[in-house]
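Worksheet: the structure to be examined is printed underneath.
The values are calculated or read from the model by the stated rules, or taken from the named source; none is laboratory data. Only a predicted model underlies this, so the values are computations on that prediction, with no experimental measurement involved. Cβ coordinates were reconstructed from backbone atoms using ideal geometry, including for glycine residues, and neighbour counts include every protein chain displayed.
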């Protein structure tokens, strides 16, 4: 059974000026197995981020069905969707969105607060993950004291701390220089492989996409 | 990490951003705590005054007209006291204080004072309290004159009650001037105003009043003890009853009273004794027959017989040459209202003639009539009824010399009572068989049959009454909260706006938390907890601020707003409970406000928050809904306006216009919102136009600026329109009722001042007096329930008049004078302010009173006067009053009709001629202005606090502008990079925000003008237009200055740096 199954998914937005419906995604059919790494590529405005938001339950399709881990997302309430996000999905954004008021370790542990009963080994796992990304010695630092690449590494660890089944990365290295982006891509894939998590990454870089197990191209709202 | 760690860390990290929230919360807490502590302080001040005025007195008995034995007080371990009202003047006579409290006291009284300090003075001296000394300008060692009325055992309205001229004057040296702490403030009335008191040696006053061994009040330090033991020590004398052994053919006891007529409650009890029978002896004006006439004779009604038969004495038979079967006519007075006497007559047939040595022919039947029984000659009689002295013949004098008051005729008791029973009683004596008991044993047995409560001598818990009066007093805490409401609202809006700014800047964090699986509720809770941490800090600071606010407000109330506290010496008081409640309330209100203000942000999708692609201008525009709502509000506002022109009740009219203005303002705001969200469709071709476009960029913020400005102006202007003026005080439907003069007398006036007899009694000018019409009111003393008394009146003063004399006077908020004729209850009319604020009652509500027999009866409010000079009183009909208080005598409250040009002359004349009665008159307009001054003071306080609110709101606008501009630094930098000069950009921003200020101002002024329309039309002069214009100009100027400072602060430095940073 695939981890994610999208059937005939469509999404459109209302144009604030004219009030007309502007289609963003239409007729998306997609199946992704557990442990896969998938890149989503396409030109700006083609619907990559919208697809990612739908996969991450941050948005709902207008039509179509989404099965996640054997569960139809359409039937879930907002609270149940939040629970799916906290337990099964990890997000990595182009901007790290770290809380400046929290330390590195606290930022990593932030998703555990969303769980009804945070796992007892959460702290241990957070420290271990930080060690894997080379930030163990900085786990009490504040984000402002880190470099851009380091902040994004913290964001990676934050996405993995609840041992999700799926990581959604929206241009995770988009704000970094090429060298840092390369290093971080290595790290991300390494973490993905070691943890066996499914990774879906939106990217503009063909080379980065090619390092994924599968590449999906979206053009004018449809999968090619 | 726990949620609390996250919350605390966030609060610490963003403390600068939360300063606005901290300040707003601090301000709200300061005002709320301060206002509530003002309430605490006023209550504590009232309790302090109550403690000083009562000392250690807990309970007591107030006899009023019922005087009882001093022994009763002594036996119950109470202090015997005489409480009377009089007039005091300095020896020079230049200054006179009416309505002074004259107290007959001994050492036991001083033991009840807080200090227990004994103030000793002999019979030649008196002590006075500090307020009286101040008013008279006297000190210890000076001489004082005290004028008061000698009490009468029987109502002076009663026939045969003797002369009304029973004033006495005491000329005494002032031995001491007593401070409030030493019991100088003693009074039993719940009032914050200390009385003017003269303390007279008890024995001295008893002698002067011819009331040896008797008092009319007793005071006790323990109410429960008094209640338990009072009835144990009662004697017949306490009921003003006399027991006499009658030695004759039949040995009998006779019970009579110094009040002439036995009170009905007592008579009903005693007549139930076995073989007891009643006696009613009456002074008739004359007995006539075909053969002659005999003036002024006693006739006794007792026993059974035919109603039209009379047994006469031989003397009368001889005088008229009457024989059995002959007819004679008896003429007599019957009692009307007041001292109105109407002569009536009855015819009898002679059934029997008694020889003069018959045992029945004895003066024992006749009670002691004051002014009659104690004089040697008939011509010296002063029975208190009009007498034709010329009618008295020598043979009548001779009869008096030989037989004194011996009745000349006897009729059946039933016949006598049919003719002469009146509100004072229906028997003058009760006789019982003498079975050989001793006088003492019989007296005790009789006393046991009676209860002091039957004659209204019931123990009263003064301490509890005082506590209730102070507790239920004007809630200054609530009042100040109400008056500060706009200031509190401004503080909350201020806090909410700045909190929202912080929130908006951190919107991505909300998005992230939602993305990582936090529920919206969790995120919101975390944010409100963070705000709560800041709010708690603000509240804690605000508690201290509140104490300072209270001190300032108390100072204001003592120095500037004295009209609100009416002479109450204020002390600061703060209870933990109040502080805790205020702090908690502030915290809850702040969090609710923040929760409400931020509700929309927490509904934004995580993806939008993360992308920063959200704002209120991106929300779909619900144009149609907004227009619909605007139109509905405008229609409702117009409907209210129209009904405002139709309605009569001034309060309702004001409410309609106020509501109309308020709805118009909201409608205007909705219109502006629609205008801002419209698509202009035109191309902005100038910097000014671009600036104006910015107004609609964040409609909610722009509306907040306009709303804050408009709301502040609206409230301050509209509330000031309620500034009351006396208006046309000659109009019948005004607060004066069209009367020119109002006044009170220290001693009752028994005479009708509208007729010649009354004028003669006081030597009044017969040419001047026909120009005046006096409406007299009977007065049952009680608590002043007007707005001048801060205590909650427990038993408001009851006044009574003939409703027909008031027809067509005063404006009614509900009902009319005719309602006083309702026979199904004891109806009362009260001033609306008295009922609503002084008593917390409305039409249909009841108040308990006790009649003269100690029975509780209910008075029902059937009408409300609109803003009148009759504040503080419950007005009932004289008929009902006399039914409940038959012993009441005279009038002490007056309304006088006179032409404006003559009112001063009439006032001066009446005051001079009725000086002995202590009459003090003042123009009704003056009294009305005094009452209105309280409301006007509240409006003054509101104006100050509301004005501060407007200023705070304006300062908030400044912060809002600064934040708004800071957010736009990037685009401003871009514009500078494009070649616009910084000065031009500043002018553009100033321009766009000035438009907002002016729009708010216009909206506020227009809608407020609508709200105050009735005031403008009816009494434009009453509205402080000059002040309001100054206020509006000042607010606008302040707003522009704040705006300029905000712009200058936000636009300083190199704007182009912002682009580089971006």
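Do we have residue B:74 as without any contact (Cβ under 8 Å) to a residue 40 or more places away in the chain and assigned to a helix (DSSP H, G or I) here?
It is true that residue B:74 is without any contact (Cβ under 8 Å) to a residue 40 or more places away in the chain and assigned to a helix (DSSP H, G or I).
Suppose we filter the range B:126-158 for residues that are crowded, with 20+ Cβ neighbours inside 10 Å and assigned to a strand (DSSP E or B); how many remain?
The total comes to 9.
Pick from the range A:115-127 the residues that are touching a helix residue (DSSP H, G or I) at 6+ places or on another chain (Cβ under 8 Å) and surrounded by 14 or more Cβ atoms within 10 Å (Cβ to Cβ): which of them is nearest to residue A:87 (Cα to Cα)?
A:115
Could you tell me which of the residues B:932, B:951 is under 27 Å from the mean Cα position of the chain (by Cα), farther than 18 Å from residue B:558 by Cα and not assigned by TED's automatic domain parsing to the domain that holds residue B:505?
Residue meeting the stated conditions: B:932.
Do any helices (runs of 4 or more DSSP H) entirely within the range B:460-532 hold 2 or more residues that are within 14 Å of chain A (Cβ to nearest Cβ) and either crowded, with 24+ Cβ neighbours inside 10 Å or out of contact with any helix residue (DSSP H, G or I) (no Cβ under 9 Å at 6 or more places or on another chain) (or both), and if so, which?
B:507-515
Just name the residue that is surrounded by the fewest Cβ atoms within 10 Å (Cβ to Cβ) out of those in the range A:53-80 that are more than 9 Å from chain B (Cβ to nearest Cβ) and in a helix (DSSP H, G or I).
It comes out as A:75.
Okay, residues lined up against (1) in contact with a strand residue (DSSP E or B) (Cβ under 6 Å, 6 or more places away or on another chain); (2) closer than 21 Å to residue B:302 by Cβ; (3) not assigned by TED's automatic domain parsing to the domain that holds residue B:252:
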| residue | (1), (2), (3) |
| --- | --- |
| B:325 | no, no, no |
| B:330 | yes, yes, no |
| B:354 | yes, yes, no |
| B:369 | no, yes, no |
| B:372 | no, yes, no |
| B:401 | no, no, no |
| B:409 | yes, yes, no |
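Quick one: would you say residue B:863 is at positive phi, surrounded by 21 or more Cβ atoms within 10 Å (Cβ to Cβ) and either assigned to a loop (DSSP other than H, G, I, E, B) or in contact (Cβ under 8 Å) with a residue 12 or more places away in the chain (or both)?
It is false that residue B:863 is at positive phi, surrounded by 21 or more Cβ atoms within 10 Å (Cβ to Cβ) and either assigned to a loop (DSSP other than H, G, I, E, B) or in contact (Cβ under 8 Å) with a residue 12 or more places away in the chain (or both).
For residues that are modelled with pLDDT under 90 and within 25 Å of the chain's Cα centre (by Cα), scanning just the range B:181-194, find the one that is surrounded by the fewest Cβ atoms within 10 Å (Cβ to Cβ).
Checking each candidate, the answer is B:193.
Scanning the range A:81-114 for residues that are assigned to a loop (DSSP other than H, G, I, E, B), within 20 Å of residue B:4 (Cα to Cα) and in contact with a helix residue (DSSP H, G or I) (Cβ under 8 Å, 6 or more places away or on another chain), which turns out farthest from the other protein chains (Cβ to nearest Cβ)?
Across the range A:81-114, the extreme among qualifying residues is A:98.
To keep it simple, each residue is scored yes or no on (1) surrounded by fewer than 22 Cβ atoms within 10 Å (Cβ to Cβ); (2) not in a loop (DSSP other than H, G, I, E, B).
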position: B:760; (1), (2): yes, yes
position: B:765; (1), (2): yes, no
position: B:770; (1), (2): yes, yes
position: B:788; (1), (2): yes, no
position: B:791; (1), (2): no, no
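Of all residues in the range B:699-756, how many are in a loop (DSSP other than H, G, I, E, B) and either under 25 Å from the mean Cα position of the chain (by Cα) or within 29 Å of residue B:674 (Cβ to Cβ) (or both)?
Number satisfying all stated conditions: 20.
Would you tally the residues in the range A:128-173 being surrounded by 17 or more Cβ atoms within 10 Å (Cβ to Cβ) and either within 14 Å of chain B (Cβ to nearest Cβ) or assigned to a helix (DSSP H, G or I) (or both)?
Summing the residues that are surrounded by 17 or more Cβ atoms within 10 Å (Cβ to Cβ) and either within 14 Å of chain B (Cβ to nearest Cβ) or assigned to a helix (DSSP H, G or I) (or both) in the range A:128-173 gives 30.
Suppose we filter B:517, B:577, B:563 for residues that are closer than 30 Å to residue A:56 by Cα and out of contact with any strand residue (DSSP E or B) (no Cβ under 7 Å at 6 or more places or on another chain); which single one remains?
B:517
Can you say whether residue A:160 is in contact with a strand residue (DSSP E or B) (Cβ under 6 Å, 6 or more places away or on another chain) and modelled with pLDDT of 90 or more, as far as the supplied structure shows?
The answer is no for residue A:160.
Anything in the range B:897-930 that is under 30 Å from residue B:848 (Cα atoms) and modelled with pLDDT of 90 or more? List them, or say none.
B:924
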